[in-house]
1. Determine the shielding of peptide B:41-49 by partner chains: average, over its residues, the number of Cβ atoms on other chains within 10 angstrom of each Cβ.
2. What net charge do the residues around B:R206 carry, taking every other residue with its C-beta under 13 Å from that of B:R206, with Lys and Arg at +1 and Asp and Glu at -1?
3. Any idea how far apart B:C62 and A:L78 come out in nm if each label point goes 7 Å out from Cα toward Cβ?
4. Hey, got the dipole for chain B? About the Cα centre, +1 on K and R Cβ, -1 on D and E Cβ, debye to the nearest 20?
5. How many angstrom lie between the C-alpha centres of region B:176-240 and region A:27-47?
6. Using every Cα-Cα pair within region A:44-107, state what percent have a distance larger than 14 Å.
7. Can you give the FRET efficiency to the nearest 0.05 for B:R96 and B:A157, using r as the Cβ-Cβ distance and R₀ = 45 Å?
8. Within region B:97-189, report the GluC sites (Glu not before Pro) that DSSP leaves as loop and that have at most 14 other Cβ atoms within 10 Å.
Amino acid sequence: MATRAVITLPAAIKAGEPFEVRATVAHAMETGYRTGDDGARLPRDLVRRFECRLDGELVFSADLFAAVSANPYLAFWLRASKPGEISFTWRGDKGFEHRETRPLNFA
Amino acid sequence: MRAWLLLVVALVAHADERRSGRDTMSPALRTLQADDAQHPAQLALALGRELWREGARSCASCHGEPEKLRGAATRYPAWDHGLVDLPGRIQRCRVRHQGQLAWPPEAEPLLALTALVAQQSRGLPLTPPRGPELDAAAKRGRSLYMTRTGALNLSCAQCHDERASLRLGGSLIPQGHVDDYPVYRLEWQALGSLQRRLRGCLNGVRARVPEWDSAELLELETYLARRSAGMAMQPPGVRP
């Protein structure tokens, strides 16, 4: 099944005014500390790094660890002066990588 | 006149007694459920929409847009050659009309489609159907609800009727209404069906846990739907 992400941006953004970005990605965030039904340790499988770029420039990033819930949800504020493209990247264990891009629509 | 007044007062008092689980949660959780941009089931709903139009004999090829199923989720469990709840109906559709293998219980795609269909009935009152078979099932469900079970020797009613709104450890005991299923339970970190909730409860009182889609679970679901009849649905719910 393809990886899914849900990203919420305001419908119209005003130049220079802060706006909220919300991003969720479907991921189990297995801690590596749990055991399965057979008693064997479930291998760690985490999203390690989240990056948000505005036209290629890094504007927000986060390092995620074992205490973060499944389907990690991040909400943060940005300010932009001109329309552009906003991209989101999640990277993690087992070669996990997911990318989403959205246009920034100005009012 | 006085009799009418008494009747009205009695009806109002009765209406006030039932509280949905979503109204007794913390304000933070209520916001989480009320705001679609924060709702943790959004990923599942997105998957549901994807699956809705997947394949040659997709859900969309018969039912059209999911929005056309507004109200469908209010009418379960139903009787159709046996008791069937909403996930059960989706499984039957998949096997009979799409010619696919049934999903295992609580499979992610099954919950996603259930959530998508249930979401269309937001704001509508639960109207479980009637009928001789359903009445009999609800009756058996009610006796299951009232019967003490498990090593802790507790019935559903002892917690969810007699001790509702008190606390079990730190957690509030809800009245056990079924108006928001499937729910995204934060403890599960996933969507789950009403059957999962019931099995969890039975496991909690250390009773024998019935099989998925067993007669006991479906009868309990039938009774619970009638117990919550008339309450407005807001699925998918969020629960602690």
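1. On the way: counts 1, 9, 11, 4, 1, 5, 4, 0, 0.
Mean number of neighbouring Cβ atoms from other chains: 4.
2. Numbers: positive: B:R148, B:R199, B:R208; negative: none.
Summing Lys/Arg as +1 and Asp/Glu as -1 gives +3.
3. Computed distance between label sites B:C62 and A:L78 equals 4.3 nm.
4. 340
5. 26
6. Percent of Cα pairs beyond 14 Å in region A:44-107: 59.
7. On the way: r = 37 Å, r/R0 = 0.82.
Efficiency for this residue pair is about 0.75.
8. On the way: sites: B:E106, B:E133, B:E162, B:E187; in loops: B:E106, B:E187.
Passing sites in region B:97-189 are B:E187.
Values quoted throughout were computed directly from the atomic coordinates according to the rules given, and no laboratory measurement underlies them. From a predicted model like this one, the values you see are computed outputs, not experimental measurements. No Cβ is skipped: glycine too gets one built from the backbone with ideal geometry, and neighbour counts run over all protein chains shown.
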